[in-house]
1. With N set to the number of residues, divide the alpha-carbon radius of gyration of chain A by 2.2 N^0.38 Å and report two decimals.
2. With each label point set 7 Å from Cα along the Cα-Cβ vector, what nm distance links B:ILE185 and A:ASP200?
3. Order the peptides B:127-138, B:7-18 from the highest to the lowest mean number of other Cβ atoms within 10 Å of their residues.
4. Taking the Cα centre of the range B:103-181 as the origin, how large is its charge dipole in debye, to the nearest 20, when only Lys and Arg (+1) and Asp and Glu (-1) carry charge on their Cβ atoms?
5. I need the phi-derived Karplus couplings for the range A:9-17: 6.51 cos²θ - 1.76 cosθ + 1.60, θ = phi - 60°, integer Hz, Gly and Pro marked x.
6. Computed over the Cα atoms of the range B:181-235, what is the convex hull's projected area averaged over all directions, in nm²?
7. Mind listing the long-range amide H neighbours of A:GLU154? Cut-off is under 5 Å, sequence gap 5 or more, other chains count too, H placed in the peptide plane at 1.01 Å from N.
8. Using the charge dipole of chain B (Lys, Arg: +1 at Cβ; Asp, Glu: -1 at Cβ; taken about the Cα centre), state which of B:ILE113, B:ALA77, B:LEU59 has its Cα farthest towards the positive end.
Amino acid sequence: MSKDIITLAIETSCDETSVAVMKNGREILSNIISSQIDIHRKFGGVVPEVASRKHIENINIIIQEALDEANITFNDIDIVGVTQGPGLVGALLVGISSAKAIAYALNKPLVGVNHIEGHICANYIEYKDLKPPFICLVVSGGHTYLVYVKDYAEYELYGRTRDDAAGEAFDKVARALGLPYPGGPVIDKLSKEGNAAAIDFPRVYLEQDSYDFSFSGLKTAVLNYLNERRQKGEEIVVEDVAASFQQAVIEVLVDKSIRLAKEKATDKIAIAGGVAANEGLRSLMEKRGKEENIQILYPSKILCTDNAAMIGSAAYFNYMKGNISGLDLSVAPNLELV
Amino acid sequence: MKVLAVDTSTVIATCAVMEEEKMLGEYSLDQKMSHSENLVPMIKEVLDSLKLKVSDIDLFAVAIGPGSFTGLRIGIATIKALAHVYNKPVVGVSTLEALAFNLSFNGLIVPIIDARRDRVYTGIYKWEEGILKNIMEPTVMEIDSLLDILIKEEDPIMMNGNGIFLHRQHIKDKLGDKVYFAKNIHNSCRALSVAELALQKKDKIEGTNYYNLVPEYLRESQAQRELKKKESEAQ
Ligand SMILES: [Zn+2]
(Lines give C-alpha, C1' and ligand atoms only; values in the text may rest on other atoms or scores of the structure.)
Protein backbone atom coordinates (compact mmCIF):
# COMPACT_ATOMS: atom_id res chain seq x y z
CA MET A 1 0.00 0.00 0.00
CA SER A 2 1.51 3.27 -1.07
CA LYS A 3 1.56 6.28 1.21
CA ASP A 4 -1.40 8.63 1.29
CA ILE A 5 -0.91 11.90 -0.59
CA ILE A 6 -2.14 14.95 1.29
CA THR A 7 -2.93 17.97 -0.87
CA LEU A 8 -3.42 21.53 0.29
CA ALA A 9 -5.50 23.27 -2.37
CA ILE A 10 -6.33 26.94 -2.87
CA GLU A 11 -9.06 28.38 -5.09
CA THR A 12 -9.50 32.15 -5.55
CA SER A 13 -10.57 32.44 -9.18
CA CYS A 14 -13.70 34.49 -8.56
CA ASP A 15 -15.61 35.53 -5.45
CA GLU A 16 -15.00 32.54 -3.21
CA THR A 17 -11.90 32.22 -1.05
CA SER A 18 -11.59 28.49 -0.57
CA VAL A 19 -8.93 26.21 0.88
CA ALA A 20 -9.16 22.44 1.18
CA VAL A 21 -7.14 19.53 2.43
CA MET A 22 -7.59 16.39 0.35
CA LYS A 23 -6.42 12.82 0.80
CA ASN A 24 -5.57 11.04 -2.44
CA GLY A 25 -7.74 13.14 -4.66
CA ARG A 26 -11.07 11.72 -3.54
CA GLU A 27 -11.38 12.18 0.20
CA ILE A 28 -12.11 15.59 1.69
CA LEU A 29 -10.39 16.25 5.00
CA SER A 30 -11.57 19.86 4.96
CA ASN A 31 -13.10 22.21 2.41
CA ILE A 32 -13.52 25.74 3.72
CA ILE A 33 -15.41 28.15 1.47
CA SER A 34 -15.66 31.82 2.35
CA SER A 35 -18.22 33.33 0.02
CA GLN A 36 -18.27 37.03 -0.76
CA ILE A 37 -21.70 36.84 -2.36
CA ASP A 38 -23.31 39.30 0.06
CA ILE A 39 -20.64 41.88 -0.72
CA HIS A 40 -21.03 41.56 -4.50
CA ARG A 41 -24.82 41.41 -4.43
CA LYS A 42 -25.05 45.17 -3.87
CA PHE A 43 -23.02 45.71 -7.05
CA GLY A 44 -25.26 43.33 -9.03
CA GLY A 45 -22.32 41.09 -9.91
CA VAL A 46 -18.74 40.27 -9.01
CA VAL A 47 -16.43 43.30 -8.93
CA PRO A 48 -12.88 42.07 -9.60
CA GLU A 49 -11.04 44.62 -7.41
CA VAL A 50 -13.44 44.10 -4.52
CA ALA A 51 -13.03 40.33 -4.84
CA SER A 52 -9.23 40.59 -4.84
CA ARG A 53 -9.27 42.79 -1.72
CA LYS A 54 -11.45 40.28 0.09
CA HIS A 55 -9.16 37.39 -0.89
CA ILE A 56 -6.04 39.02 0.58
CA GLU A 57 -7.95 39.75 3.81
CA ASN A 58 -9.19 36.18 4.11
CA ILE A 59 -6.61 33.90 2.65
CA ASN A 60 -4.44 33.00 5.65
CA ILE A 61 -7.42 32.72 7.97
CA ILE A 62 -9.04 30.25 5.57
CA ILE A 63 -5.79 28.31 5.16
CA GLN A 64 -5.54 27.90 8.93
CA GLU A 65 -9.19 26.87 9.20
CA ALA A 66 -8.64 24.22 6.54
CA LEU A 67 -5.58 22.84 8.35
CA ASP A 68 -7.37 22.87 11.71
CA GLU A 69 -10.46 21.15 10.42
CA ALA A 70 -8.37 18.50 8.69
CA ASN A 71 -6.44 18.19 11.93
CA ILE A 72 -3.06 18.50 10.21
CA THR A 73 -0.18 20.98 10.13
CA PHE A 74 1.82 22.35 7.20
CA ASN A 75 4.34 19.54 7.77
CA ASP A 76 1.80 16.91 6.75
CA ILE A 77 1.30 18.40 3.29
CA ASP A 78 2.71 16.50 0.29
CA ILE A 79 1.62 18.72 -2.59
CA VAL A 80 0.17 22.21 -3.01
CA GLY A 81 -2.52 22.68 -5.64
CA VAL A 82 -3.82 26.02 -6.83
CA THR A 83 -6.18 27.36 -9.49
CA GLN A 84 -4.11 28.85 -12.30
CA GLY A 85 -7.09 29.95 -14.41
CA PRO A 86 -9.46 30.70 -15.94
CA GLY A 87 -10.74 33.45 -13.69
CA LEU A 88 -10.20 37.01 -12.57
CA VAL A 89 -6.52 37.81 -12.81
CA GLY A 90 -6.23 39.84 -9.60
CA ALA A 91 -8.19 37.26 -7.65
CA LEU A 92 -6.20 34.32 -9.03
CA LEU A 93 -2.92 36.06 -8.14
CA VAL A 94 -3.71 36.06 -4.42
CA GLY A 95 -4.16 32.29 -4.38
CA ILE A 96 -1.20 31.62 -6.66
CA SER A 97 1.12 33.84 -4.60
CA SER A 98 0.12 32.09 -1.39
CA ALA A 99 0.39 28.63 -2.92
CA LYS A 100 3.82 29.26 -4.40
CA ALA A 101 5.16 30.61 -1.11
CA ILE A 102 3.82 27.61 0.81
CA ALA A 103 5.15 25.10 -1.73
CA TYR A 104 8.55 26.77 -1.66
CA ALA A 105 8.68 27.10 2.13
CA LEU A 106 7.78 23.43 2.55
CA ASN A 107 9.90 22.33 -0.42
CA LYS A 108 6.94 20.40 -1.87
CA PRO A 109 5.63 20.19 -5.43
CA LEU A 110 3.32 22.91 -6.71
CA VAL A 111 0.54 21.92 -9.12
CA GLY A 112 -1.29 24.63 -11.07
CA VAL A 113 -4.79 23.49 -11.92
CA ASN A 114 -7.38 24.47 -14.50
CA HIS A 115 -10.54 25.62 -12.74
CA ILE A 116 -12.77 23.83 -15.27
CA GLU A 117 -10.85 20.62 -14.67
CA GLY A 118 -11.52 21.16 -10.98
CA HIS A 119 -15.27 21.23 -11.61
CA ILE A 120 -15.02 17.97 -13.55
CA CYS A 121 -12.99 16.36 -10.75
CA ALA A 122 -15.70 17.22 -8.21
CA ASN A 123 -17.34 14.08 -9.58
CA TYR A 124 -14.37 11.95 -8.50
CA ILE A 125 -14.96 13.20 -4.97
CA GLU A 126 -18.68 12.46 -5.11
CA TYR A 127 -18.33 9.03 -6.76
CA LYS A 128 -15.40 7.17 -5.23
CA ASP A 129 -15.41 4.50 -7.96
CA LEU A 130 -15.85 6.80 -10.94
CA LYS A 131 -13.23 6.13 -13.60
CA PRO A 132 -12.76 7.69 -17.01
CA PRO A 133 -13.89 7.63 -19.74
CA PHE A 134 -17.12 9.61 -19.37
CA ILE A 135 -18.81 12.70 -20.75
CA CYS A 136 -18.83 15.83 -18.64
CA LEU A 137 -21.05 18.86 -19.13
CA VAL A 138 -19.49 21.81 -17.28
CA VAL A 139 -21.97 24.62 -16.80
CA SER A 140 -21.47 27.66 -14.60
CA GLY A 141 -21.77 31.42 -14.52
CA GLY A 142 -18.61 31.74 -16.56
CA HIS A 143 -18.37 28.51 -18.54
CA THR A 144 -20.24 26.06 -20.72
CA TYR A 145 -18.17 23.12 -21.95
CA LEU A 146 -18.98 19.69 -23.26
CA VAL A 147 -16.00 17.47 -22.58
CA TYR A 148 -14.99 13.89 -23.20
CA VAL A 149 -12.93 12.79 -20.20
CA LYS A 150 -10.61 10.31 -21.85
CA ASP A 151 -8.48 9.48 -18.85
CA TYR A 152 -7.47 11.09 -15.57
CA ALA A 153 -6.24 14.62 -16.40
CA GLU A 154 -6.87 13.99 -20.12
CA TYR A 155 -9.67 15.79 -21.87
CA GLU A 156 -11.11 16.25 -25.32
CA LEU A 157 -13.16 19.38 -25.75
CA TYR A 158 -16.21 18.88 -27.99
CA GLY A 159 -18.39 21.88 -27.34
CA ARG A 160 -18.36 25.31 -25.78
CA THR A 161 -20.50 28.40 -25.78
CA ARG A 162 -20.00 30.83 -28.63
CA ASP A 163 -21.35 33.75 -26.60
CA ASP A 164 -22.85 33.77 -23.09
CA ALA A 165 -22.21 31.03 -20.57
CA ALA A 166 -25.35 29.20 -19.47
CA GLY A 167 -25.16 30.68 -15.97
CA GLU A 168 -24.61 34.13 -17.41
CA ALA A 169 -27.85 33.81 -19.39
CA PHE A 170 -29.65 32.89 -16.15
CA ASP A 171 -28.20 35.99 -14.43
CA LYS A 172 -29.18 38.31 -17.28
CA VAL A 173 -32.72 36.98 -17.59
CA ALA A 174 -33.13 37.14 -13.81
CA ARG A 175 -32.07 40.79 -13.85
CA ALA A 176 -34.59 41.53 -16.61
CA LEU A 177 -37.28 39.91 -14.48
CA GLY A 178 -36.25 42.04 -11.50
CA LEU A 179 -34.97 39.03 -9.58
CA PRO A 180 -31.92 39.17 -7.28
CA TYR A 181 -28.37 38.14 -8.15
CA PRO A 182 -27.31 35.35 -8.65
CA GLY A 183 -30.13 34.48 -11.01
CA GLY A 184 -29.70 30.71 -11.42
CA PRO A 185 -31.11 29.43 -8.13
CA VAL A 186 -34.02 31.91 -8.19
CA ILE A 187 -35.08 30.96 -11.71
CA ASP A 188 -34.75 27.27 -10.88
CA LYS A 189 -37.04 27.75 -7.88
CA LEU A 190 -39.64 29.84 -9.75
CA SER A 191 -39.61 27.35 -12.63
CA LYS A 192 -41.16 24.71 -10.41
CA GLU A 193 -44.25 26.87 -10.09
CA GLY A 194 -44.39 27.89 -13.74
CA ASN A 195 -45.47 26.29 -16.99
CA ALA A 196 -42.40 25.39 -19.08
CA ALA A 197 -44.52 25.17 -22.23
CA ALA A 198 -46.19 28.55 -21.74
CA ILE A 199 -43.84 30.46 -24.01
CA ASP A 200 -42.06 28.97 -27.01
CA PHE A 201 -38.56 30.40 -26.64
CA PRO A 202 -36.02 29.30 -29.29
CA ARG A 203 -33.77 26.25 -28.81
CA VAL A 204 -30.46 27.12 -30.46
CA TYR A 205 -28.70 24.02 -31.82
CA LEU A 206 -26.33 25.74 -34.31
CA GLU A 207 -24.98 23.56 -37.15
CA GLN A 208 -26.26 20.01 -37.30
CA ASP A 209 -23.10 18.31 -36.02
CA SER A 210 -22.07 21.04 -33.67
CA TYR A 211 -21.64 20.44 -29.97
CA ASP A 212 -21.29 24.18 -29.36
CA PHE A 213 -23.83 26.29 -27.54
CA SER A 214 -25.27 29.76 -27.97
CA PHE A 215 -27.47 31.46 -25.41
CA SER A 216 -27.42 35.11 -26.39
CA GLY A 217 -30.24 34.70 -28.94
CA LEU A 218 -32.40 33.05 -26.30
CA LYS A 219 -31.61 35.82 -23.85
CA THR A 220 -32.62 38.42 -26.45
CA ALA A 221 -35.84 36.52 -27.16
CA VAL A 222 -36.74 36.67 -23.47
CA LEU A 223 -35.94 40.39 -23.29
CA ASN A 224 -38.03 41.07 -26.42
CA TYR A 225 -40.92 39.07 -25.01
CA LEU A 226 -40.82 41.08 -21.77
CA ASN A 227 -40.60 44.41 -23.63
CA GLU A 228 -43.50 43.58 -25.89
CA ARG A 229 -45.70 42.55 -23.01
CA ARG A 230 -44.82 45.62 -21.01
CA GLN A 231 -45.49 47.92 -23.94
CA LYS A 232 -48.89 46.37 -24.51
CA GLY A 233 -49.57 46.56 -20.81
CA GLU A 234 -50.07 42.78 -20.68
CA GLU A 235 -49.47 40.74 -17.58
CA ILE A 236 -46.15 38.92 -17.21
CA VAL A 237 -46.26 35.63 -15.36
CA VAL A 238 -42.73 35.55 -13.96
CA GLU A 239 -42.95 31.85 -13.11
CA ASP A 240 -43.92 30.96 -16.68
CA VAL A 241 -41.15 33.08 -18.19
CA ALA A 242 -38.63 31.50 -15.82
CA ALA A 243 -39.82 27.96 -16.53
CA SER A 244 -40.00 28.44 -20.31
CA PHE A 245 -36.57 30.07 -20.42
CA GLN A 246 -35.00 27.39 -18.24
CA GLN A 247 -36.56 24.66 -20.34
CA ALA A 248 -35.08 26.18 -23.51
CA VAL A 249 -31.60 26.20 -21.93
CA ILE A 250 -31.61 22.75 -20.42
CA GLU A 251 -33.16 20.93 -23.39
CA VAL A 252 -30.23 21.94 -25.57
CA LEU A 253 -27.69 21.12 -22.85
CA VAL A 254 -29.20 17.68 -22.29
CA ASP A 255 -29.70 16.85 -25.99
CA LYS A 256 -26.11 17.60 -26.90
CA SER A 257 -24.72 15.74 -23.87
CA ILE A 258 -26.73 12.62 -24.72
CA ARG A 259 -25.71 12.83 -28.38
CA LEU A 260 -22.01 13.03 -27.45
CA ALA A 261 -22.34 10.11 -25.01
CA LYS A 262 -23.76 8.01 -27.83
CA GLU A 263 -21.08 9.12 -30.27
CA LYS A 264 -18.33 8.21 -27.80
CA ALA A 265 -20.19 5.07 -26.72
CA THR A 266 -19.89 5.88 -23.05
CA ASP A 267 -22.60 5.07 -20.55
CA LYS A 268 -21.87 7.89 -18.10
CA ILE A 269 -22.55 11.61 -18.20
CA ALA A 270 -21.34 13.79 -15.35
CA ILE A 271 -22.56 17.34 -14.81
CA ALA A 272 -20.33 19.89 -13.10
CA GLY A 273 -20.18 23.59 -12.25
CA GLY A 274 -22.60 25.93 -10.53
CA VAL A 275 -25.47 25.26 -12.93
CA ALA A 276 -25.12 21.53 -12.21
CA ALA A 277 -27.00 22.37 -9.02
CA ASN A 278 -30.01 23.34 -11.15
CA GLU A 279 -32.76 20.87 -10.34
CA GLY A 280 -34.48 21.30 -13.69
CA LEU A 281 -31.25 20.30 -15.45
CA ARG A 282 -30.67 17.37 -13.12
CA SER A 283 -34.13 15.93 -13.52
CA LEU A 284 -34.30 16.28 -17.31
CA MET A 285 -30.81 14.78 -17.61
CA GLU A 286 -31.89 11.83 -15.40
CA LYS A 287 -35.10 11.30 -17.37
CA ARG A 288 -33.25 11.22 -20.70
CA GLY A 289 -30.45 9.14 -19.18
CA LYS A 290 -32.93 6.50 -18.08
CA GLU A 291 -34.41 6.34 -21.60
CA GLU A 292 -30.97 5.94 -23.14
CA ASN A 293 -29.44 3.68 -20.49
CA ILE A 294 -26.90 6.29 -19.52
CA GLN A 295 -25.93 6.83 -15.91
CA ILE A 296 -26.17 10.48 -14.85
CA LEU A 297 -23.74 11.75 -12.22
CA TYR A 298 -23.56 15.06 -10.45
CA PRO A 299 -21.78 16.27 -7.33
CA SER A 300 -23.58 17.41 -4.19
CA LYS A 301 -24.49 21.10 -4.30
CA ILE A 302 -21.54 22.28 -2.24
CA LEU A 303 -19.15 20.61 -4.71
CA CYS A 304 -20.92 22.28 -7.64
CA THR A 305 -19.98 25.74 -6.39
CA ASP A 306 -16.43 27.02 -6.62
CA ASN A 307 -14.49 25.16 -3.94
CA ALA A 308 -10.92 24.12 -3.28
CA ALA A 309 -11.63 20.41 -2.74
CA MET A 310 -12.20 19.97 -6.48
CA ILE A 311 -8.94 21.82 -7.14
CA GLY A 312 -7.17 19.47 -4.71
CA SER A 313 -8.60 16.48 -6.56
CA ALA A 314 -7.46 17.83 -9.94
CA ALA A 315 -4.03 18.63 -8.48
CA TYR A 316 -3.69 15.07 -7.20
CA PHE A 317 -4.56 13.43 -10.53
CA ASN A 318 -2.19 15.78 -12.35
CA TYR A 319 0.57 15.11 -9.86
CA MET A 320 0.13 11.36 -10.35
CA LYS A 321 0.62 11.97 -14.09
CA GLY A 322 3.77 13.97 -13.44
CA ASN A 323 2.24 17.35 -14.22
CA ILE A 324 4.09 19.61 -11.79
CA SER A 325 4.46 23.38 -12.03
CA GLY A 326 7.51 25.54 -11.45
CA LEU A 327 7.66 28.32 -8.86
CA ASP A 328 7.45 30.70 -11.83
CA LEU A 329 3.90 29.45 -12.57
CA SER A 330 2.04 32.31 -14.18
CA VAL A 331 -1.57 33.24 -13.80
CA ALA A 332 -3.71 32.33 -16.83
CA PRO A 333 -7.01 34.25 -16.74
CA ASN A 334 -8.09 32.73 -20.09
CA LEU A 335 -6.65 29.25 -19.57
CA GLU A 336 -8.08 26.62 -21.91
CA LEU A 337 -8.90 23.11 -20.77
CA VAL A 338 -7.00 21.52 -23.64
CA MET B 1 17.82 38.11 13.84
CA LYS B 2 17.40 37.59 10.10
CA VAL B 3 14.75 39.48 8.18
CA LEU B 4 13.47 38.73 4.68
CA ALA B 5 11.86 41.73 3.00
CA VAL B 6 10.08 42.22 -0.31
CA ASP B 7 8.60 45.19 -2.13
CA THR B 8 6.37 44.76 -5.19
CA SER B 9 4.48 48.06 -4.93
CA THR B 10 5.82 49.40 -8.20
CA VAL B 11 7.21 47.89 -11.37
CA ILE B 12 10.36 46.96 -9.40
CA ALA B 13 10.34 43.57 -7.71
CA THR B 14 12.90 43.59 -4.93
CA CYS B 15 13.79 41.22 -2.11
CA ALA B 16 16.52 41.32 0.50
CA VAL B 17 17.86 39.50 3.52
CA MET B 18 19.32 41.46 6.40
CA GLU B 19 20.84 40.36 9.67
CA GLU B 20 20.59 43.04 12.32
CA GLU B 21 22.48 45.96 10.77
CA LYS B 22 24.13 43.99 8.03
CA MET B 23 22.93 43.37 4.50
CA LEU B 24 23.30 39.72 3.48
CA GLY B 25 21.78 39.92 0.02
CA GLU B 26 19.49 41.87 -2.24
CA TYR B 27 17.94 41.10 -5.62
CA SER B 28 15.94 43.65 -7.63
CA LEU B 29 14.40 43.47 -11.08
CA ASP B 30 12.69 46.14 -13.11
CA GLN B 31 10.55 44.10 -15.46
CA LYS B 32 7.00 44.93 -16.38
CA MET B 33 4.13 42.72 -15.28
CA SER B 34 6.07 39.77 -13.98
CA HIS B 35 6.01 39.98 -10.17
CA SER B 36 3.94 36.85 -9.89
CA GLU B 37 6.36 34.81 -12.00
CA ASN B 38 9.53 36.33 -10.53
CA LEU B 39 9.01 36.89 -6.86
CA VAL B 40 9.24 33.43 -5.31
CA PRO B 41 12.10 32.36 -7.63
CA MET B 42 13.91 35.58 -6.65
CA ILE B 43 13.48 34.88 -2.95
CA LYS B 44 14.67 31.33 -3.53
CA GLU B 45 17.71 32.59 -5.44
CA VAL B 46 18.72 34.96 -2.64
CA LEU B 47 18.18 32.43 0.13
CA ASP B 48 19.87 29.59 -1.79
CA SER B 49 22.88 31.81 -2.50
CA LEU B 50 23.13 32.58 1.18
CA LYS B 51 22.67 28.89 2.04
CA LEU B 52 19.57 29.82 4.00
CA LYS B 53 16.16 28.22 4.22
CA VAL B 54 12.84 29.92 4.82
CA SER B 55 12.89 28.39 8.29
CA ASP B 56 16.09 30.37 9.08
CA ILE B 57 14.22 33.67 8.74
CA ASP B 58 13.05 35.23 12.01
CA LEU B 59 11.06 38.18 10.67
CA PHE B 60 9.17 38.73 7.42
CA ALA B 61 8.71 42.24 6.04
CA VAL B 62 6.78 43.65 3.12
CA ALA B 63 5.98 47.01 1.61
CA ILE B 64 2.22 47.43 2.05
CA GLY B 65 1.68 50.40 -0.25
CA PRO B 66 0.57 52.64 -1.64
CA GLY B 67 1.25 51.37 -5.12
CA SER B 68 -0.10 48.96 -7.71
CA PHE B 69 -3.03 47.15 -6.09
CA THR B 70 -2.17 43.87 -7.75
CA GLY B 71 1.55 44.24 -7.07
CA LEU B 72 0.90 44.88 -3.39
CA ARG B 73 -1.25 41.79 -3.08
CA ILE B 74 1.39 39.58 -4.71
CA GLY B 75 4.05 40.72 -2.23
CA ILE B 76 1.79 40.58 0.80
CA ALA B 77 0.24 37.18 -0.05
CA THR B 78 3.74 35.77 -0.56
CA ILE B 79 5.17 37.14 2.68
CA LYS B 80 2.12 36.21 4.74
CA ALA B 81 2.27 32.63 3.47
CA LEU B 82 6.00 32.30 4.20
CA ALA B 83 5.50 33.66 7.72
CA HIS B 84 2.43 31.46 8.23
CA VAL B 85 4.23 28.20 7.41
CA TYR B 86 6.83 28.84 10.13
CA ASN B 87 4.58 30.88 12.42
CA LYS B 88 6.86 33.93 12.38
CA PRO B 89 6.09 37.63 12.84
CA VAL B 90 5.37 39.91 9.88
CA VAL B 91 5.89 43.64 9.59
CA GLY B 92 4.22 45.85 7.00
CA VAL B 93 6.14 48.96 5.99
CA SER B 94 4.80 51.94 4.07
CA THR B 95 6.21 51.99 0.55
CA LEU B 96 6.59 55.77 0.80
CA GLU B 97 8.43 55.60 4.12
CA ALA B 98 10.76 52.97 2.67
CA LEU B 99 11.44 55.21 -0.34
CA ALA B 100 12.15 58.19 1.94
CA PHE B 101 14.41 55.94 4.00
CA ASN B 102 16.65 55.51 0.92
CA LEU B 103 17.72 59.15 1.28
CA SER B 104 19.96 60.96 3.74
CA PHE B 105 19.04 64.58 3.28
CA ASN B 106 18.79 67.57 5.53
CA GLY B 107 15.41 68.95 4.51
CA LEU B 108 12.06 67.59 3.37
CA ILE B 109 12.02 64.21 1.70
CA VAL B 110 9.10 63.73 -0.67
CA PRO B 111 8.73 60.36 -2.41
CA ILE B 112 6.21 60.24 -5.25
CA ILE B 113 4.76 57.13 -6.85
CA ASP B 114 2.76 57.40 -10.05
CA ALA B 115 -0.96 56.89 -9.41
CA ARG B 116 -1.93 57.59 -13.05
CA ARG B 117 -3.72 60.55 -14.60
CA ASP B 118 -1.31 63.12 -13.12
CA ARG B 119 -1.94 61.86 -9.63
CA VAL B 120 0.75 60.67 -7.24
CA TYR B 121 0.94 58.72 -4.02
CA THR B 122 3.04 60.84 -1.74
CA GLY B 123 3.94 61.81 1.80
CA ILE B 124 6.45 64.17 3.42
CA TYR B 125 9.27 62.93 5.64
CA LYS B 126 12.13 64.53 7.58
CA TRP B 127 15.12 63.17 9.48
CA GLU B 128 15.17 64.41 13.07
CA GLU B 129 17.96 63.18 15.34
CA GLY B 130 18.47 60.03 13.32
CA ILE B 131 14.79 59.18 13.13
CA LEU B 132 12.72 59.48 9.97
CA LYS B 133 9.64 61.52 10.95
CA ASN B 134 6.44 61.59 8.95
CA ILE B 135 5.37 65.22 8.37
CA MET B 136 2.49 64.64 5.96
CA GLU B 137 0.58 61.33 6.02
CA PRO B 138 0.69 59.18 2.89
CA THR B 139 -2.05 60.22 0.51
CA VAL B 140 -3.00 60.33 -3.15
CA MET B 141 -3.29 63.72 -4.88
CA GLU B 142 -2.78 65.64 -8.10
CA ILE B 143 0.87 66.40 -8.69
CA ASP B 144 -0.03 70.10 -8.90
CA SER B 145 -1.73 70.03 -5.49
CA LEU B 146 1.42 68.54 -4.02
CA LEU B 147 3.57 71.20 -5.67
CA ASP B 148 1.24 73.91 -4.29
CA ILE B 149 1.97 72.59 -0.81
CA LEU B 150 5.72 72.26 -1.38
CA ILE B 151 6.12 75.72 -2.91
CA LYS B 152 5.20 77.23 0.47
CA GLU B 153 7.88 75.23 2.33
CA GLU B 154 11.10 76.96 3.29
CA ASP B 155 13.23 73.85 3.66
CA PRO B 156 15.04 72.38 0.69
CA ILE B 157 13.24 69.39 -0.80
CA MET B 158 14.51 66.11 -2.16
CA MET B 159 12.23 63.90 -4.19
CA ASN B 160 12.46 60.28 -5.36
CA GLY B 161 10.21 57.48 -6.60
CA ASN B 162 8.96 56.55 -10.04
CA GLY B 163 6.82 59.71 -10.27
CA ILE B 164 10.06 61.56 -10.95
CA PHE B 165 10.35 59.97 -14.37
CA LEU B 166 7.02 61.46 -15.41
CA HIS B 167 7.02 64.82 -13.66
CA ARG B 168 10.66 65.84 -13.30
CA GLN B 169 10.58 68.85 -15.60
CA HIS B 170 7.23 70.04 -14.33
CA ILE B 171 8.45 69.89 -10.73
CA LYS B 172 11.67 71.70 -11.60
CA ASP B 173 9.68 74.43 -13.39
CA LYS B 174 7.47 74.97 -10.39
CA LEU B 175 9.84 74.55 -7.44
CA GLY B 176 13.04 75.84 -9.02
CA ASP B 177 16.31 75.67 -7.09
CA LYS B 178 14.98 74.39 -3.80
CA VAL B 179 14.15 70.95 -5.19
CA TYR B 180 16.71 68.16 -5.60
CA PHE B 181 16.20 64.80 -7.21
CA ALA B 182 17.66 61.62 -5.77
CA LYS B 183 20.42 59.81 -7.60
CA ASN B 184 19.12 56.97 -9.73
CA ILE B 185 20.34 54.32 -7.27
CA HIS B 186 18.21 55.91 -4.54
CA ASN B 187 15.21 56.48 -6.73
CA SER B 188 13.67 53.01 -6.76
CA CYS B 189 12.02 50.90 -4.11
CA ARG B 190 14.66 48.81 -2.31
CA ALA B 191 13.81 45.83 -0.16
CA LEU B 192 16.79 46.66 2.06
CA SER B 193 15.03 49.82 3.21
CA VAL B 194 11.93 47.77 3.97
CA ALA B 195 14.09 45.30 5.90
CA GLU B 196 15.84 47.94 7.99
CA LEU B 197 12.61 49.75 8.78
CA ALA B 198 11.01 46.45 9.73
CA LEU B 199 13.81 45.77 12.21
CA GLN B 200 13.20 49.20 13.76
CA LYS B 201 9.44 48.68 13.91
CA LYS B 202 9.29 45.05 14.94
CA ASP B 203 8.60 45.74 18.62
CA LYS B 204 5.85 48.24 17.87
CA ILE B 205 3.70 46.08 15.62
CA GLU B 206 1.47 44.49 18.20
CA GLY B 207 -1.69 43.16 16.62
CA THR B 208 -0.21 42.74 13.15
CA ASN B 209 0.20 39.16 12.01
CA TYR B 210 0.07 36.94 8.94
CA TYR B 211 -3.70 36.76 9.22
CA ASN B 212 -4.60 40.43 9.20
CA LEU B 213 -1.86 42.21 7.26
CA VAL B 214 -3.46 43.89 4.22
CA PRO B 215 -2.39 46.48 1.64
CA GLU B 216 -2.59 50.20 2.32
CA TYR B 217 -4.41 51.08 -0.90
CA LEU B 218 -5.19 54.72 0.05
CA ARG B 219 -8.03 54.48 -2.49
CA GLU B 220 -11.27 52.61 -2.52
CA SER B 221 -12.00 50.51 -5.57
CA GLN B 222 -13.77 52.34 -8.35
CA ALA B 223 -16.91 50.25 -7.83
CA GLN B 224 -16.97 51.20 -4.13
CA ARG B 225 -16.58 54.89 -4.95
CA GLU B 226 -19.38 54.75 -7.50
CA LEU B 227 -21.66 52.88 -5.13
CA LYS B 228 -21.05 55.44 -2.38
CA LYS B 229 -21.79 58.25 -4.78
CA LYS B 230 -25.04 56.59 -5.82
CA GLU B 231 -26.04 56.00 -2.21
CA SER B 232 -25.33 59.59 -1.18
CA GLU B 233 -27.28 60.90 -4.16
CA ALA B 234 -30.23 58.71 -3.25
CA GLN B 235 -30.40 60.21 0.24
ZN1 LIG C 1 -16.37 27.68 -11.31
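The values are calculated or read from the model by the stated rules, or taken from the named source; none is laboratory data. Since this is a predicted model, take the numbers as computed values, not measurements. We place every Cβ from the backbone using ideal geometry, glycine too, and count neighbours over all the protein chains shown. Remember, those area values only see protein heavy atoms, side chains included, never the ligands or the DNA or RNA. Shrake-Rupley method; radii C 1.70, N 1.55, O 1.52, S 1.80 Å.
1. 1.00
2. The two pseudo-label positions are separated by 8.2 nm.
3. In decreasing order of mean packing, B:127-138, B:7-18 become B:7-18, B:127-138.
4. 260 debye
5. 10, 10, 10, 9, 6, 9, 10, 10, 8
6. Computing the convex hull of the Cα atoms and averaging its projections yields 7.6 nm².
7. none
8. B:ALA77
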